[in-house]
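Structure record follows, encoded as structure tokens.
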Amino acid sequence: MLLRVRPAVGIAFLTAIAVALTSPSPAPAQDKDKDKDKDKELVKQAKDTALANLKKAGLEKPTVMETNNFIIVGSVSAEKAKALGEVLEKTTTLTRKTLKYDEKEVSWKGKLTVYFVPDNAEYKSLMRRAFQQPPEGAFADLRAEPPFIVDPAEVTGKATDADLYAITAARVSGEHLKARGTGAQTIPDWLRDGFGRVTAMRAEGTTSKRYVAYKSQAKAALTKGARPPALADVWSDAKSANGEVLATSFAEYLAYGPGASKFQMFLDGLKPSENIAMPTVQQGLDAAGWKEKDLPALDLAWRRWISAGK
């Protein structure tokens, strides 16, 4: 049977449909609620996983501290965990700004669990019993659910708590660099660690004792040894007494110094392609416009920048 609609009723009916189609949908608010619920679920999962792992290592009553971006766990006091969290957040803010992260862009899923374990015996137990890994320095798995990093918080010589926090913040900053964009870049260790170290120091302040001491060490490295350092020394497999400070210096030159305008191009050049499965540092430099023939000029500019203390 054909349903006939009187004109007045038809107009009202069509008007109701138009209003329904143009009225704001409550979906965004619902989506936000769902996102919040999902975030809470991820945080709970991360905390539960961390507590279970620490229990395997014999830590029955660990500290668990949550910040905007991290879940810090370990056998340190709540005050120290809070202090570490503040350093991590401050360094992360500068890291994301330097790497030009979008507001909604993330490096890993959910909050990063940071196992801060300055006690050597507890660190070894955690690595062996919870992660079935040899206790050989920091260990991270950012693709895990939940993502995590284990930091033994070790440093040669007498270290302050602030020194240990800076080391952890530097490693996390370096992991942000590796995860930037697609996370497919072939980021060498010297760049990851050098960028992380200098970013943690700059987040602390360019007038801080740590940053000022580093700049002095970099300048002194220019005159140490049988010959002046060269750029190739930075990414050489050969270890040297000045290798760490030189890597930090060149990473700073690229990310914060005269090379900053080309830094993203350099990182893009480190992404694998169909033709290049494992890009080299030189291929990254090529992408930024520093061809092999330009290396002597870049080397000289970098060393002059170090000497100037900029």
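Which of the residues spanning region 107-151 are surrounded by 14 or more Cβ atoms within 10 Å (Cβ to Cβ) and polar (S, T, N, Q)?
SER107, THR113, SER125
Please indicate, with yes or no, whether at least one residue in region 220-240 is basic (Lys, Arg) and over 27 Å from the mean Cα position of the chain (by Cα).
Within region 220-240 (the criterion being basic (Lys, Arg) and over 27 Å from the mean Cα position of the chain (by Cα)), the answer is yes, since at least one residue qualifies.
Can you name the condition, by its number, that ALA251 falls short on among (1) part of a helix (DSSP H, G or I); (2) open to solvent by 30 Å² or more (accessible area, probe 1.4 Å); (3) among the aliphatic types (A, V, I, L, M)?
(2) is the only condition that ALA251 fails.
Kindly list the number of the only condition in (1) loosely packed, with under 13 Cβ neighbours inside 10 Å; (2) at pLDDT 95 or above that fails for THR199.
It fails just one condition, (1).
Would you check which residues across region 151-176 are under 14 Å from VAL117 (Cβ atoms), among the β-branched types (Val, Ile, Thr) and more than 14 Å from the chain's Cα centre (by Cα) and list them?
VAL155
Please name all residue pairs, on different chains or six or more residues apart, with Cβ atoms under 7 Å, provided the first residue is in region 49-60 and is outside the structural domain of ALA144 (by the TED database) and open to solvent by less than 50 Å² (accessible area, probe 1.4 Å) and the second residue is of a type in the set (Lys, Arg) and not in a helix (DSSP H, G or I).
Short answer, once both residue conditions are applied: none.
The values are calculated or read from the model by the stated rules, or taken from the named source; none is laboratory data. Everything numeric here is computed off the predicted structure, so don't read it as measured data. Don't worry about glycine lacking a Cβ; one is built from the backbone with ideal geometry, like all the others, and counts go over all protein chains shown. Ligands, DNA and RNA are excluded from the accessible area calculation, which covers all protein heavy atoms including side chains. Shrake-Rupley method; radii C 1.70, N 1.55, O 1.52, S 1.80 Å.
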